[in-house]
Structures are given as structure tokens and as C-alpha cells.
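Asks: Let me begin by handing over the structure; questions about it come next.
Just so it is clear, none of the values below were taken in a lab; they were calculated from the coordinates. Keep in mind the model is a prediction, meaning the values are calculated, not measured. Heads up, the Cβs are rebuilt from the backbone with ideal geometry, glycines too, and the neighbour counts pull from every protein chain shown.
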Amino acid sequence: MKRQPWRVAVVGGGIAGLAAAVRLRDSAPAGTEITVYEQSGALGGKLRTGELAGHPVEFGAESFLMRDPTGAESAAVALARRLGLAEKIVHPTVGQAALVIDGGLRPIPGGTLVGVPGDLDRVAAVARPAADSDTDGGRPLVGPDADVSVGALVRSRFGDEVVERLVDPMLGGVYAGRADDLSLVTTMPALARTARVEHTLVGAVRAAQAAAPRAPGAPVFGTLAGGLSTLVEAAVTASGATVRRDAAVRELTPTGTGWRLTVGPTRDPELVDVDAVVLAVPARPAARLLAGPAPAVAAGVGALDYASVALVTMALPQPRLPELSGFLVPSTEGLLIKAATFFTTKWGHLRRPDGLALVRASVGRYGEEAHLQRPDADLAATVHRELSAVLGTPLPAPVDGHVQRWGGALPQYAPGHADRLAAARTALRAAHPTLVLAGAGYDGVGIPVCVRSGETAAEEIITALGGSAR
Ligand SMILES: Cc1cc2nc3c(=O)[nH]c(=O)nc-3n(C[C@H](O)[C@H](O)[C@H](O)COP(=O)(O)OP(=O)(O)OC[C@H]3O[C@@H](n4cnc5c(N)ncnc54)[C@H](O)[C@@H]3O)c2cc1C
């Protein structure tokens, strides 16, 4: 066992790093010194609650899944509970969202798994599945160790329209990417598992749904009434970590007994020695930090590409909005908007007595970054015009607005990602067991996945330093 007190650095103050810090506090020996290094001036990473027209509003992630793919409570809910915030979890009041089809709104059909239907009749109003392609070929859809793109699998079974009108917009809403590029194993793990057993895609979707049954009426999503930044603040407090903002870690050097961090500006660097490091930054900065101590791992990790998005939020005085949580836009519709959320319709706790509506549109698909070069005012005007066109009514001029750009924010997991990651992690563990990766670059996007990833990294560090989780 490493001499105590242990000194552990968490590099990256997003939710993965903070979840790691909380788990270290809960499970590492008492007195462990935990320091979180965050390169920006604020903690939370993609979780950022801002303000518009005097009202709190999310400028980044908006909500979290209540359950994990097995049907158990998600890691985000468990963390909120651990932090005393369970009472603050609220659910959408209006859950129904729409798709833009031929310029108009149609309700998103139920019974799909991220847009992949388990009942073809239920999606017929939106997309016509190819007839008779999903036949039993006498073997599982996907080989035991294989990965494919979601698009390739669904196109081969249900045809192009189901991909373009249902799966692409749903995956685009999460990854800003395209079904044809994204790994089945990483982006739809539950379906990947059943596709290795079932002979038809309808069968695989139904089996995945049956494996995680949902109690009727049980909410799928939750958020925190005070905003997701309250999760960030509560995690910092509970972790008892020393927090260093505006402190970019620029180099990691093995010392033989641990790690030396080079922190801060090149001209005036600070050198810090620690026993172990949780590296909870996106894959690109992680690859730069790994290039010295683990070049092969850096190459594997750095191969991951990212999409950029911009979120345009507007406060609109008494607009006429449909009773929908928002809508998704297939790329074939030719609009800049990829998705829109009617915050004050979707979330009862955000409704305003004065009828002010908070509406957010997300812009930017993988490979279309040029659109994001446009100035804020141009993006906002285009979003306002497109929203009016889709809703079929001219929207009032906004009384307040905000454009939040998230550059290189959403990982594009290509088929084979999970295997490449497993190989990189195995190599890193063998060479440097006290340096562990966590966060969205690796195990998937989403608050629950990143919380779990941070917690797992913390437990690996505890094991590597010779302790056992308390
Ligand atoms: C626009 C958008 C909307 C989203 N909406 C949702 C949603 O509604 N629900 C959901 O579940 N998920 C959502 N997600 C995904 C989710 O927010 C992310 O998967 C998750 O927050 C990532 O957490 P993380 O800690 O892994 O990374 P990050 O949040 O990226 O945090 C990493 C941190 O590391 C810091 N950092 C980087 N390099 C260094 C360095 N060298 N030294 C020190 N610090 C460094 C960064 O500044 C950053 O703060 C959304 C993502 C985006 C971009």
C-alpha cells in the first residue's frame, strides 16, 4: 500500500472528474488529498446553468436519463441522491416531441429504441420501412465480436427512410453525428447485445426493450430544479477537493513513484508531484498529455473525432408554441436547426406567469462545421426565421438571447471504438496503473455514463495504490 496520505490529481473539472473526486473521498483512505485541476474559470464542463431574461436556463446539458440500460437507477440519479439532491429531481411535464417532416411537425412515434422501431406499423406516419427486408437469415444480425455502424444495420433491415427520418435525427440530437458513422456497440449498447442473439432487427429491438422494462408512466428523464450546476457545486463540496480553476495541466511525467504535473502557463509553470492521476478530459487533450508517457495509448485515444455544436437560446414574449417538448430535424429537411427544445413547455418548473417562453435550438452537424463560423447574430437570426417557418407562425422578437458554442464537444464513436478503447486502457493499465482515463471521450456521452466512468476510474486508482474500496 502506498504511504499515506495519498495525493490524487483529477485533471478536468467536468462531471466525470467531479464524480471521481466524490468517489475518492468516499472510498479512499481518510485524509487523501484530492486536487481538481480545471483549465477554464468554471467547473462543470458541459454542465453550465446560465441566465436569460432573469431566469435560469441550461447552456449545456439539460437533463439526465433516470435509468441505465439494465433498468437500474442511473449513476446520475445515484450521485444526486448521494449529494442530497434527490428531492430536487424534476421530470418533463410535456414529454411528446416532434419530427420535422416535409417542413411540418409530426409526433415522434413511440416504441422505438433511439428511433429504431420494434413495431413497423407505429412509425408508418413518419417513415415507410422497406418491405420484407428484415427476414430471418438463420443467424444473429451481428457476429459475436463485430461492430457495425447503426446506419448500416438499420438501412439493411428497414431501408433508408427509417434511417434518415428517425434514427439520424435521434442520434443527431445526442451526438450531432450521423447513423452511418456511429458505432452500434458504443452508441446503442443494449441493441448491440441483443443483435448478437436475434435474427431480425425487430426481434433485437423488442428483446432490448424487454431487457430493461419500464414501469408504465415512469419518467425517462430528470433534471435538477435549481439547474444542473447545483450538481456540480454539491459534488465539489462533498469531495472536499482542493479546486484549481484556470489551471491547465500541460504535461504528465512519470516519476517512478507517481506523477509530476506541469500546470499553468508555459512561462511560469508550476510543478506538482502526486501519487495518481484521474485524467478526465476529452480525448484530444488526453492524447496530448499521454503523448510523453504512453505514446501508443495516445495514438489510440487521439483517433477519436468530435463534432462541434452551437446552442441558440431565446426568451420570447408570449409566443404561440405547440404543446410539445421540442422537435428534431432530419438533415434531409435542409435546415440549419438540428433540434429545438421548448424549455418552458417541457419543464413545468420553468414555466413563467408572464408567459415568457425560453426556446433553445441546437445547430451544427458533424462535418458541417463551416456553418458555425457565422457570427452569433447571424446564427440567432437564422434560428428565429427557421423556428417561425417550422411552427407556421411568425415568432415575436426575442427580449433576450444567448449563443453558446461548444467546440469539439461530442465524440463521434466509429465502429470498433470499444475494442480500440479496451486495447488502449489495457496498455495504459499495464504501463501506468496510477493513471486512469475517465469521461465522455471513452465510455460514451451523457451525464450518467460520465458519472459512472469517473467513479470507476476512482476505484481503479484506489486499487492501484494498494487500498480497497471502503
Ligand atoms: C451541447 C451539449 C448538450 C448535452 N446535453 C446532454 C443532456 O441533456 N444530457 C446528458 O446526459 N448529456 C448531455 N450532453 C453530454 C454530456 O454533457 C457530456 O457527455 C458530459 O458532461 C461530459 O463530461 P466530462 O466530464 O467527460 O467532460 P467535460 O464536460 O468536457 O469536462 C472536461 C473538463 O476538462 C477540462 N480540461 C480539458 N483539458 C484540460 C487540461 N489540460 N487541464 C485541466 N482541465 C482540462 C475542460 O475545460 C472541461 O471542463 C451534452 C453535451 C453537449 C456538448
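Asks: With runs of 4+ DSSP H residues as the only contributors, calculate the mean residue ellipticity of the chain at 222 nm using -39,500 (n - 2.57) per run, divided by the residue total and rounded to the nearest 500. Walk me through the numbers before you get to the answer.
Replies: Values: 14 runs with 140 residues, N = 470.
Rounded to the nearest 500, it is -8500 deg cm²/dmol.
Asks: A further question follows. Starting from the alpha-carbon convex hull of the chain, give the projected area averaged over all orientations, in nm². Before the final figure, lay out each step's value.
Replies: Values: hull surface 89.7 nm².
About 22.4 nm², averaged over all directions.
Asks: If you average the C-alpha positions of segment 402-420 and of segment 246-321 separately, how far apart do those two centres end up, in angstrom?
Replies: Here the answer is 14 Å between Cα centres.
Asks: Compute the separation of the alpha-carbon centres of segment 88-156 and segment 42-64 and state it in Å as a whole number.
Replies: That distance is 30 Å.
Asks: If I take the Cα coordinates of segment 318-470 and project them onto the principal axes, what are the three extents in Å, biggest first?
Replies: That gives 63, 36, 24 Å along the principal axes, largest extent first.
Asks: Among P69, V163, Q412, which residue has its Cα furthest toward the positive end of the charge dipole of the chain, with +1 on Lys/Arg Cβ and -1 on Asp/Glu Cβ?
Replies: P69
Asks: May I pose another question? Can you bin segment 73-214 into rounded, prolate or oblate? Criterion: square roots of the alpha carbon gyration tensor eigenvalues sorted a ≥ b ≥ c, rounded for a/c under 1.5, prolate for a/b above b/c, oblate for the rest. All intermediate terms of the calculation are to be shown ahead of the outcome.
Replies: Working: a/c = 1.98, a/b = 1.31, b/c = 1.51.
Cα axes put segment 73-214 in the oblate bin.
Asks: In degrees from 0 to 90, rounded to the nearest 10, what is the angle of the helix 229-239 Cα long axis to the longest principal axis of the chain?
Replies: Helix 229-239 and the main axis of the chain meet at about 20 degrees.
Asks: Also, I was wondering about something else. Using only Cα atoms, find the angle between the long axis of helix 201-211 and the longest principal axis of the chain, and express it within 0 to 90 degrees, rounded to the nearest 10.
Replies: 60
Asks: Provide the packing ranking of 205-218, 390-403, 326-339, i.e. peptides ordered by the mean count of other C-beta atoms within 10 Å per residue, highest first. Don't skip to the end; give the middle numbers.
Replies: Values: 205-218: 13.4, 390-403: 16.4, 326-339: 20.4.
In decreasing order of mean packing, 205-218, 390-403, 326-339 become 326-339, 390-403, 205-218.
Asks: Going by the alpha-carbon gyration tensor, a ≥ b ≥ c the square roots of its eigenvalues, is segment 42-87 rounded (a/c under 1.5) or, if a/c is not under 1.5, prolate (a/b greater than b/c) versus oblate? Can you show the working numbers first?
Replies: Details: a/c = 2.33, a/b = 2.03, b/c = 1.15.
Prolate, since a/c reaches 1.5 and a/b exceeds b/c.
Asks: For the chain, build the charge dipole from Cβ charges (+1 Lys, Arg; -1 Asp, Glu) around the Cα centre, then report which of V94, G258, L421 sits farthest towards its positive end.
Replies: Selected residue: G258.
Asks: Additional query: Would you be so kind as to identify which of T332, G138, L47 lies farthest towards the positive end of the dipole of the chain, taking Lys and Arg as +1 and Asp and Glu as -1 on Cβ and the Cα centre as origin?
Replies: Farthest towards the positive pole: L47.
Asks: Output ³J(HN,Hα) for segment 293-305: one whole-Hz value per residue in order, computed from phi by the Karplus curve 6.51 cos²θ - 1.76 cosθ + 1.60 with θ = phi - 60°, and x for Gly and Pro.
Replies: Coupling constants for segment 293-305: x, 8, x, 5, 5, 4, 5, x, 5, x, 6, 6, 9 Hz.
Asks: In terms of the Cα gyration tensor, with a ≥ b ≥ c the square roots of its eigenvalues, is segment 54-135 rounded because a/c is under 1.5, prolate because a/b exceeds b/c, or oblate? Show your work: numbers first, answer last.
Replies: Numbers: a/c = 3.63, a/b = 1.72, b/c = 2.11.
In terms of gyration-tensor shape, oblate.
Asks: In whole Hz, what ³J(HN,Hα) sequence does segment 2-10 give by Karplus (6.51, -1.76, 1.60; θ = phi - 60°), x for Gly and Pro?
Replies: Ordered by residue, 3J(HN,Hα) equals 4, 4, 9, x, 6, 10, 10, 9, 10 Hz.
Asks: Here's a follow-up. Using the Karplus curve 6.51 cos²θ - 1.76 cosθ + 1.60 with θ = phi - 60°, what ³J(HN,Hα) values do you get for each residue of segment 318-324, in whole Hz, with x for Gly and Pro?
Replies: 6, x, 8, 10, x, 7, 9
Asks: Right, something else. In units of 2.2 N^0.38 Å, what is the alpha-carbon radius of gyration of segment 385-430? Provide the component values of the computation, followed by the final result.
Replies: Working: Rg = 21.5 Å, N = 46, 2.2 N^0.38 = 9.4 Å.
Against the compact-globule rule of thumb, the ratio is 2.28.
Asks: Between helix 376-391 and the chain, what is the angle of the helix's C-alpha long axis to the longest principal axis, kept within 0 to 90° and rounded to the nearest 10?
Replies: 40
Asks: For K46, which sequence-distant residues (separation of 5 or more, or a different chain) have an amide H within less than 5 Å of its own amide H, given hydrogens modelled in the peptide plane?
Replies: So K46 has HN proximity to I15.
Asks: Only Lys, Arg, Asp and Glu count, each charged at its Cβ (+1, +1, -1, -1), so figure out the dipole size of segment 186-283 about its Cα centre, rounded to 20 debye.
Replies: On the way: 9 positive and 8 negative charges, 102 e Å.
Using only the charged Cβ atoms, the result is roughly 480 debye.
Asks: Here's something else I'd like to know. Please give the peptides 33-40, 444-451 ranked by average Cβ packing (other Cβ atoms within 10 Å per residue), highest first, as a rough proxy for protection.
Replies: Working: 33-40: 20.9, 444-451: 25.0.
Packing proxy ranking, top to bottom: 444-451, 33-40.
Asks: How large is the charge dipole for the chain, taken about the Cα centre, if only the Cβ atoms of Lys, Arg (+1) and Asp, Glu (-1) carry charge, to the nearest 20 debye?
Replies: Working: 45 positive and 46 negative charges, 167 e Å.
Dipole magnitude for the chain comes out near 800 debye.
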